[in-house]
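Student: Structure in structure tokens, see below.
The values are calculated or read from the model by the stated rules, or taken from the named source; none is laboratory data. None of the values given here were measured: they were computed from a predicted structure. Virtual Cβ from ideal backbone geometry, glycine too; neighbours counted across all protein chains shown. Side chains included, ligands, DNA and RNA excluded: accessible areas come from the protein's heavy atoms. Shrake-Rupley method; radii C 1.70, N 1.55, O 1.52, S 1.80 Å.
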Amino acid sequence: MVVSERLRLPALDGATEWLNSEPLGPAELRGRPVVVNFWTLTCINWLRQEPYVRAWSQAYRDDGLVVLGVHTPEFSFEHDVDGVRRAVAARGIDYPVAVDNDYGVWSAFDNHYWPALYFVDADGVIRDHHFGEGRYERSERVIQRLLGVDRDLVPVEGLGVEADAGWDHLRTPETYLGYARSEHFASPDDATYDARRAYELPASLPADHWALGGEWTIGSENVALDRAGGTLAFRFHARDAHLVLSAGTGQPVPFRLLLDGAPPGPSHGVDVDSNGDGVLREGRLYQLVRQRDEVRERTLEITFLEPGAEAYVFTFG
């Protein structure tokens with residue numbers, strides 16, 4: 001997309017539901033600059049961007065800015081509107097959110113990315129866009145130009161999973177586990193798809209590889225635990241390690257995390273205590289590890305004490 005094309009804010013009637021607002025469209029938004037933010041609740045890149053979007057909404061609302069979130073799900077469990085409501089509450093989002101379960105708004109924008117930002121002027125013309133994290137200063141200056149204001153940038157500090165990544169130490173890429181997009185599987189025997197079987201953990205893992213131990217079913221978008229006591233292991237190099245999880249049975253699933261064979265201690269993430277204990281309750285991104293001293297290559301093992309855990313993707317920060 002280039003500004004010279006003068007693309008306009010499309011209709012938003014593809015949304016399946018609205019949160020924090022009655023349905024909106026170009027007619028209702030005309031006369032006010034708009035920032036449209038495409039997101040999905042498990043995306044670590046959006047989670048790290050959201051403190052900025054939230055701050056812009058709060059800082060420039062009285063100047064006439066409308067921030068509009070569009071939640072377009074990546075994984076099947078993200079179609080659950082109650083899960084979206086929980087994410088909206090957890091992130092303190094008070095601006096309108098279009099629930100885009102059928103990808104109607106996504107398609108109207110011809111969007112292809114999470115997160116994505118579109119900057120729309122008061123006449124409904126899309127003046128700028130940005131895909132992914134970063135470029136925060138320039139994006140805020142775009143907002144100020146659309147509003148006709150000029151002042152200091154809003155201070156932003158992300159906490160927990162919203163904190164900026166430790167880019168200097170981030171060497172391990174996002175890794176999907178379902179067979180549709182998986183790679184670097186390292187259990188000794190070849191994977192079996194869409195069927196329950198027992199796997200074994202290898203004696204050691206190469207960097208950026210993962211493995212299963214116990215009885216699992218490897219599906220197209222996730223690996224699902226069929227019997228209590230199954231373990232998922234990953235060898236990574238990053239400050240933070242996250243895992244997108246859901247509970248297929250709908251019941252809480254307690255888990256235990258080990259880091260290099262021991263409890264994580266001070267390197268535990270926000271969803272794990274120092275002993276490595278945590279509970280999978282709802283579908284979302286779980287922060288397992290945040291290294292607070294020297295960042296080095298580590299092996300994590302997460303063991304689920306009840307069946308029903310579904311794991312989708314490891315992300316790092």
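Student: Order these peptides, 149-157, 7-15, 228-236, by their mean beta-carbon neighbour count within 10 angstrom, highest first.
Tutor: On the way: 149-157: 10.9, 7-15: 18.0, 228-236: 20.9.
Answer by packing, highest mean first, reads 228-236, 7-15, 149-157.
Student: Express the accessible area of the chain per residue in Å², computed with a 1.4 Å probe while the remaining protein chains stay in the model.
Tutor: 43
Student: Continuing with the same structure: May I ask you to list the residues of region 224-245 whose amide nitrogen lies under 17 Å from a point 7 Å from Cα along the Cα→beta-carbon direction of D80?
Tutor: 224-225, 243-245
Student: Just want to confirm a number: the relative contact order over region 252-317, from Cα pairs under 8 angstrom separated by 6+ residues, in percent.
Tutor: Averaging sequence separation for qualifying contacts and normalising by length gives 41 percent for region 252-317.
Student: Can you give the relative contact order of the chain as a percent, counting alpha carbon pairs under 8 Å and 6+ residues apart?
Tutor: 17
Student: Roughly how many percent of the accessible protein surface of the chain is carbon and sulfur, given a 1.4 Å probe and a whole-percent answer?
Tutor: 46
Student: How far, in nm, would the chain grow between E297 and L258 when pulled straight, counting 0.36 nm per residue and subtracting the alpha carbon separation?
Tutor: Length gained between E297 and L258: 12.6 nm.
Student: Treat region 204-317 as a sphere of radius equal to its Kirkwood radius over Cα pairs and apply Stokes-Einstein at 25 °C in a medium of 0.890 mPa s; give the translational diffusion coefficient in µm²/s, rounded to a whole number.
Tutor: Answer, rounded: 178 µm²/s.
Student: Identify the chymotrypsin sites (Phe, Trp or Tyr not before Pro) of region 28-110 meeting these criteria: DSSP loop state and at most 10 other C-beta atoms within 10 Å of the C-beta.
Tutor: Sites meeting the loop and neighbour criteria: none at all.
Student: Hey, another quick one. Tell me, what is the percent relative contact order of region 212-290, built from C-alpha pairs under 8 Å that lie six or more residues apart?
Tutor: 30
Student: What FRET efficiency, computed as 1/(1 + (r/R0)^6) with R0 = 41 Å and r the Cβ-Cβ distance, is obtained for R181 and L153, rounded to the nearest 0.05?
Tutor: That pair, R181 with L153, gives E of 0.65.
Student: Now for a separate question. Please give the residues of region 5-41, grouped as numeric ranges, whose backbone N is less than 13 Å from a label point set 7 Å along the Cα-to-Cβ vector of R61.
Tutor: Zone members listed by number: 20-21.
Student: Oh, and also: Please name whichever of V67, P96, A55 sits farthest to the positive end of the charge dipole of region 1-138, dipole taken about the Cα centre and charges placed at Cβ: Lys and Arg +1, Asp and Glu -1.
Tutor: The listed residue farthest towards the positive side: A55.
Student: Further question: Residues in region 45-71 near a label at R32, defined as backbone nitrogen under 11 Å from the 7 Å Cα→Cβ point?
Tutor: In region 45-71, the label zone of R32 (backbone N under 11 Å from the point 7 Å along Cα→Cβ) covers 61-68.
Student: Report the gain in length on full extension from A207 to D123: 0.36 nm times residue separation, minus Cα-Cα distance, nm rounded to one decimal.
Tutor: Separation in residues times 0.36 nm, less the Cα-Cα distance, equals 25.1 nm.
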